[in-house]
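Novice: If you scroll down you'll find the structure; I have some questions about it.
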Amino acid sequence: MHTKTLTELRAGLAAREFSSRELTEHFLRRIRQFDGELNSLITVTEEQALAQADAADATLARGEGGLLTGLPVAHKDIFCTEGVRTSCGSRMLDNFIAPYTATVVEKMAAQGAVMLGKTNMDEFAMGSSNETSFYGPVKNPWDQERVPGGSSGGAAATLAARLTPAATGTDTGGSIRQPAALNGVTGLKPTYGRVSRWGMIAFASSLDQAGPMGLSAADCALMLGAMAGHDDKDSTSLDEPVGDYLNDLNQNLEGLRIGVPEEFFPDTLDGAIAESSREALRELEKQGAKLVPLSLPSIKLSVPAYYVIAPAEASSNLSRFDGVRYGHRCDDPVDLLDLYKRSRSEGFGEEVKRRILVGTYALSAGYYDAYYRRAQQVRRLIRDDFARAFAEVDVIMGPTSPETAFKIGAKVDDPINMYMADVFTIAVNLAGLPALSMPSGFVNGLPVGTQVIGNYFQEGRILNVAHRYQLATDWHQRIPGAFA
Amino acid sequence: MSWETVIGLEVHVQLATASKLFSASSTRTGDEPNSNASLIDLAMPGTLPVVNREAIRHAIRFGLAIDAEIGRRSVFERKNYFYPDLPKGYQTTQLAEPIVGAGVVDLQLEDGTRKSVRIHHAHLEEDAGKSLHEAFSDETGRAMTGIDLNRAGTPLIEIVSEPDMSNAEEAVAFARKLHAIVTSLGISDGDMSQGNMRFDVNISVRRPGEPLGTRTETKNLNSFRFMEKAIKLEVERQIDVLENGGEVVQETRLYNGETNTARAMRSKEDANDYRYFPCPDLLPVLVSEEEINELRDALPELPDARKARFVEAYALSEYDAELLCADLATAAYFEAAAKQGGDAKLAANWVMGELTARLNADDIGIAQSPVSAEHLGELIQRIKDGTISSKIAKQVFDACWAGEGSPDQIIESKGLKQMSDTGELEKIVDDIIANHPAQVEDYRGSDDAKRKKKIGFFVGQAMKATQGKANPQQLNQLLQQKLNG
């Protein structure tokens with residue numbers, strides 16, 4: 001069962017080839033078997049999953065059901081789940097049992113999804129390697145000495161190892177797409193405002209967006225249909241009609257204009273990675289798409305702008321973790337200041353502290369104009385670049401990440417090097433656009449991803465492009481040997 | 001050489017919305033601690049704010065009342081600092097783009113002069129919670145602090161004036177006027193005892209013609225009286241410091257009303273860097289022309305208009321009318337009492353005199369007055385129709401204040417009705433004349449001027465005999481008739 005996609009499993013449930021309970025038990029068994037090593041899940045909610053599976057089976061037996069009835073899903077541990085620990089990968093929230101449920105989780109549950117557990121992640125989603133998690137690094141199923149990427153590294157790894165057929169992720173600067181690329185799975189960051197942020201623990205509010213991660217574009221389309229939509233509880237969620245993503249999948253690509261920015265294929269880029277994405281472009285050309293060379297000149301400023309804006313917002317968003325109302329509190333505080341200092345020093349890891357410091361600095365009197373305001377100006381330039389490009393093309397493509405999965409520990413002491421690898425993903429967040437990463441080959445046995453960026457609310461279009469590509473290729477069907 | 005005082009005010013006004021600025025929790029006070037604190041108010045991870053449109057509308061109403069420019073686009077920002085009663089670690093407020101721009105408030109001063117105070121801007125923000133320092137301890141008996149977040153997130157407008165006031169009286173007149181405006185608009189109950197309207201006063205002094213002196217800020221004054229005293233105290237202190245060759249330090253000061261003293265709370269050097277930036281969880285607030293017009297058309301009568309109407313309709317002086325319009329409750333009370341009593345002048349005198357004195361003495365607002373407007377109206381009716389004299393009326397008022405019933409009930413039960421029955425009074429007068437032959441003889445032997453004084457004795461006796469209920473005019477007439485007879 002675990003080699004099937006979510007779409008196939010859905011058909012299997014509908015045809016009564018197996019029950020949701022059987023399906024759920026199968027994946028729970030695999031989690032028990034493999035995850036001790038992989039460390040892709042922080043919490044497994046076995047009892048709850050089986051209860052949901054039984055309820056789903058009853059629903060299916062009545063001939064009823066929603067988009068996801070009976071299908072197992074693993075949620076990133078950034079989404080609040082009532083009654084279940086929601087740690088955000090941090091010691092700060094190791095003891096935090098969420099008192100309510102995130103809209104994304106609720107909407108998927110309303111469509112019948114069965115929650116297997118909560119996936120590991122970089123602490124507060126800050127990281128690109130899953131090494132900053134309080135719960136230890138996640139291993140890449142393709143090479144367990146390597147990182148799975150991040151911050152949704154647990155989600156990507158657990159999918160690649162077929163411990164779950166579906167997962168949710170969040171993407172602030174590439175946190176869905178980069179781990180999807182590094183694990184050979186498909187992940188979509190929707191348009192900012194497409195999916196509610198209510199109940200999703202904030203890292204950088206103006207950039208954070210939840211999205212689906214799966215084994216195929218079709219699976220992501222199925223999940224997005226359940227996740228997307230306006231939410232009164234999130235003022236930044238947009239009141240745009242939700243597309244018919246499943247229906248859009250099969251449109252042919254005749255006449256599709258694909259923008260190929262020169263900035264996505266710099267001379268310094270690893271030749272094999274570049275070739276993987278070029279090969280993907282050739283395949284789409286074969287299907288009738290036209291390639292349009294273009295330039296996004298401001299993109300080179302995206303990494304520095306992002307690493308001002310995201311930490312600035314984070315420094316404020318993370319102020320609520322003060323040891324007063326919930327979360328980690330130091331032992332025997334002598335006074336208020338001591339309570340704050342020690343609770344936060346003990347509760348947060350190094351990368352989180354680094355970003356709080358950077359963000360606090362960027363917002364400080366005398367530096368605000370030089371950093372924060374300037375970064376916002378850059379953000380506008382980037383948005384304008386994309387707007388110009390989308391006047392000419394339907395989608396924009398290039399590699400998702402300039403590198404394949406690296407060895408655990410290789411970059412721990414070089415955060416700048418780690419940040420620079422976000423170069424292809426970050427601009428999309430700054431502009432608020434939707435983008436997807438799909439597997440497009442292997443380099444030295446490690447998966448490579450190609451990114452498809454769309455205009456605002458064009459999720460249907462980019463899922464369509466990825467789906468057509470996946471109909472012609474089998475990169476997304478490869479399973480790491482140890483987990484077959 | 002003389003000194004000039006320069007005063008500017010920052011006024012926090014709690015808006016009378018049913019729910020909080022960014023959550024659906026009730027703004028009700030006096031409930032169990034934290035019973036009106038939702039996930040959002042507790043700043044649970046993953047929660048997000050949604051702005052309360054009624055708070056926006058209240059702020060716009062205020063802006064329209066002071067003829068200010070309304071921000072068609074206003075932006076909420078985060079003011080970052082750590083404090084236990086600030087759950088998010090930042091206050092959501094407005095800075096660069098507030099909802100209400102520059103406006104003006106006109107004052108009528110006691111000496112009859114008028115004054116305009118410019119408003120720099122007014123912005124929307126959320127209130128913090130409360131730290132409860134009393135009577136908390138852990139299982140080992142160590143003292144602890146409790147946090148009550150019922151108030152956290154309650155909507156406020158902060159009104160920032162230009163430094164246009166030059167003494168405590170003007171500052172108080174300005175504060176009273178703002179109180180009158182917000183209560184008339186119905187956007188706040190203005191209840192200062194609950195902290196629903198509080199004042200921060202910026203004060204500096206200088207020699208005439210010199211540039212502005214260093215200012216201090218005295219925070220959180222919650223009554224007009226304390227504000228007046230605190231300003232006087234601070235002005236004296238600054239002058240004293242300067243005249244002794246010292247320098248005024250820019251600092252925040254805390255005034256203690258009970259002891260009429262103030263102390264420095266923190267100096268500019270310890271000031272926080274609040275790291276303001278636009279709140280990414282909220283979109284800019286957009287206000288359409290249509291919405292503004294709709295709100296403008298629906299504005300209730302404002303204090304200045306009401307004052308003009310009082311002067312016109314009730315023939316009151318400008319100053320009396322200004323005082324009666326100082327807040328909506330007083331104005332409404334006056335009008336109700338005047339209408340029922342049928343004498344506006346009398347009603348105005350009673351409201352500004354006896355009633356205000358008693359309210360002040362008991363330190364309560366007019367809404368809590370035991371003597372209702374209907375009571376006062378009834379009392380005025382009884383004065384007008386001669387049932388009681390003004391003197392007895394004070395006695396009835398006191399009894400009514402003490403909760404002994406309505407004026408009519410009190411007059412009845414205490415038998416305070418004036419003795420206007422000529423036959424009964426005549427009998428009493430006859431008795432007095434018969435029983436005091438010496439005084440009668442003395443009176444009759446006096447000239448007119450002396451008689452006017454000497455008649456007092458008989459009036460006194462008659463009043464004594466009637467326990468003050470004799471109608472004074474009638475009694476006088478009767479006595480003169482009988483004695484002169």
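The values are calculated or read from the model by the stated rules, or taken from the named source; none is laboratory data. Owing to the predicted nature of the structure, the values given are computational and were not obtained by experimental measurement. Please note: Cβ atoms are built from the backbone with ideal geometry, for glycine as well, and neighbour counts cover all protein chains shown.
Novice: Assess whether B:Y314 counts as being among the aromatic types (F, W, Y), more than 14 Å from every other protein chain (Cβ to nearest Cβ) and surrounded by 16 or more Cβ atoms within 10 Å (Cβ to Cβ).
Specialist: So B:Y314 fits the description; yes.
Novice: Moving on to the next point. Identify the residue in the range B:243-280 that is without any contact (Cβ under 8 Å) to a residue 12 or more places away in the chain and in a strand (DSSP E or B) and, among all such residues, is nearest to the other protein chains (Cβ to nearest Cβ).
Specialist: If we take residues in the range B:243-280 being without any contact (Cβ under 8 Å) to a residue 12 or more places away in the chain and in a strand (DSSP E or B), then B:R263 is nearest to the other protein chains (Cβ to nearest Cβ).
Novice: Scan the range B:161-190 and report the pairs whose first residue is under 16 Å from B:F226 (Cβ atoms) and in the same structural domain as B:F224 (by TED's automatic domain parsing) and whose second residue is assigned to a loop (DSSP other than H, G, I, E, B) and of a type in the set (S, T, N, Q), with Cβ atoms within less than 9 Å and a gap of 6+ or a chain change.
Specialist: B:H179/B:S188; B:G190/B:N196
Novice: Let me ask you something else. Can you tell me which residue in the range B:93-137 is farthest from the chain's Cα centre (by Cα), limited to those that are over 30 Å from B:L302 (Cα atoms) and in a strand (DSSP E or B)?
Specialist: B:S137
Novice: Right, something else. Return the residues of the range B:317-332 that are over 16 Å from B:D191 (Cβ atoms) and buried (at least 19 other Cβ atoms within 10 Å of the Cβ); say none if nothing qualifies.
Specialist: Passing the criteria: B:D320, B:A321, B:E322, B:L323, B:L324, B:C325, B:A331.
Novice: Would you check which residues across the range A:219-247 are part of a helix (DSSP H, G or I) and surrounded by fewer than 18 Cβ atoms within 10 Å (Cβ to Cβ) and list them?
Specialist: The answer is A:L246, A:N247.
Novice: Here's a follow-up. Being touching a Pro at 6+ places or on another chain (Cβ under 7 Å) and either more than 30 Å from A:R282 (Cβ to Cβ) or free of Cβ contacts under 8 Å to residues at least 60 places away in the same chain (or both) is true for just one of A:I416, A:I408, A:I396. Which residue is that?
Specialist: Step by step, each of A:I416, A:I408, A:I396 is checked, and only A:I408 is touching a Pro at 6+ places or on another chain (Cβ under 7 Å) and either more than 30 Å from A:R282 (Cβ to Cβ) or free of Cβ contacts under 8 Å to residues at least 60 places away in the same chain (or both).
Novice: Does A:T404 qualify as being among the hydroxyl-bearing types (S, T, Y), under 16 Å from A:A180 (Cβ atoms) and assigned to a loop (DSSP other than H, G, I, E, B)?
Specialist: yes
Novice: Quick one: which residue in A:I258, A:I299 is part of a helix (DSSP H, G or I) and either modelled with pLDDT of 95 or more or of a type in the set (V, I, T) (or both)?
Specialist: A:I299
Novice: Would you tally the residues in the range A:57-109 being aliphatic (A, V, I, L, M) and more than 14 Å from chain B (Cβ to nearest Cβ)?
Specialist: 10
Novice: So, in the range A:47-76, of the ones that are assigned to a helix (DSSP H, G or I) and free of Cβ contacts under 8 Å to residues at least 40 places away in the same chain, which residue ends up surrounded by the most Cβ atoms within 10 Å (Cβ to Cβ)?
Specialist: Among them, the one singled out is A:D57.
Novice: Further, regarding this structure: Considering every residue within the range B:286-304, establish whether at least one is under 29 Å from B:K115 (Cα atoms), part of a helix (DSSP H, G or I) and modelled with pLDDT under 95.
Specialist: yes
Novice: Moving on to the next point. State which residue is surrounded by the most Cβ atoms within 10 Å (Cβ to Cβ) when the search covers only the range B:43-68 and only residues that are touching a helix residue (DSSP H, G or I) at 6+ places or on another chain (Cβ under 8 Å) and within 7 Å of chain A (Cβ to nearest Cβ).
Specialist: Among those residues, the one meeting the criterion is B:P45.
Novice: Let me ask something additional. When you scan the range B:372-485 for helices (runs of 4 or more DSSP H) that lie fully inside it, which ones turn up with 1 or more residues that are β-branched (V, I, T)?
Specialist: B:373-384, B:390-401, B:407-413, B:422-435, B:437-444, B:448-466
Novice: Which one is nearest to the chain's Cα centre (by Cα), of the residues in the range A:158-217 that are within 14 Å of chain B (Cβ to nearest Cβ) and among the polar types (S, T, N, Q)?
Specialist: Step by step, filter the range A:158-217, then rank; the result is A:T170.
Novice: Out of all the residues in the range A:338-368, which are of a type outside the set (G, A, S) and modelled with pLDDT under 95?
Specialist: Within the range A:338-368, A:Y367, A:Y368 meet the criteria.
Novice: Filtering the range A:319-375 down to residues that are part of a loop (DSSP other than H, G, I, E, B) and among the small types (G, A, S), which residue is farthest from the other protein chains (Cβ to nearest Cβ)?
Specialist: Applying the filter and picking the extreme gives A:G349.
Novice: Next question. Out of (1) within 12 Å of chain B (Cβ to nearest Cβ); (2) assigned to a loop (DSSP other than H, G, I, E, B); (3) in contact with a strand residue (DSSP E or B) (Cβ under 6 Å, 6 or more places away or on another chain), what's the single condition that is false for A:S316?
Specialist: (2)
Novice: Of B:V117, B:V104, which residue is more than 12 Å from chain A (Cβ to nearest Cβ) and touching a Leu at 6+ places or on another chain (Cβ under 9 Å)?
Specialist: So the residue among B:V117, B:V104 that is more than 12 Å from chain A (Cβ to nearest Cβ) and touching a Leu at 6+ places or on another chain (Cβ under 9 Å) is B:V117.
Novice: Taking the condition touching a Pro at 6+ places or on another chain (Cβ under 6 Å), under 30 Å from A:D208 (Cβ atoms) and either surrounded by fewer than 19 Cβ atoms within 10 Å (Cβ to Cβ) or at pLDDT 95 or above (or both), does B:D281 pass?
Specialist: Taking the combined requirement at face value, the residue satisfies it.
Novice: Here's another thing I want to ask about it. I'd like to check something: does the range A:393-401 contain any residue that is modelled with pLDDT of 95 or more and either assigned to a helix (DSSP H, G or I) or in contact with an Asp or Glu (Cβ under 7 Å, 6 or more places away or on another chain) (or both)?
Specialist: No, the range A:393-401 contains no residue that is modelled with pLDDT of 95 or more and either assigned to a helix (DSSP H, G or I) or in contact with an Asp or Glu (Cβ under 7 Å, 6 or more places away or on another chain) (or both).
Novice: Among the residues of the range B:392-437 satisfying the criterion of being over 26 Å from B:L359 (Cβ atoms) and among the β-branched types (V, I, T), which is farthest from the chain's Cα centre (by Cα)?
Specialist: Once the filter is applied, the top-ranked residue is B:I433.
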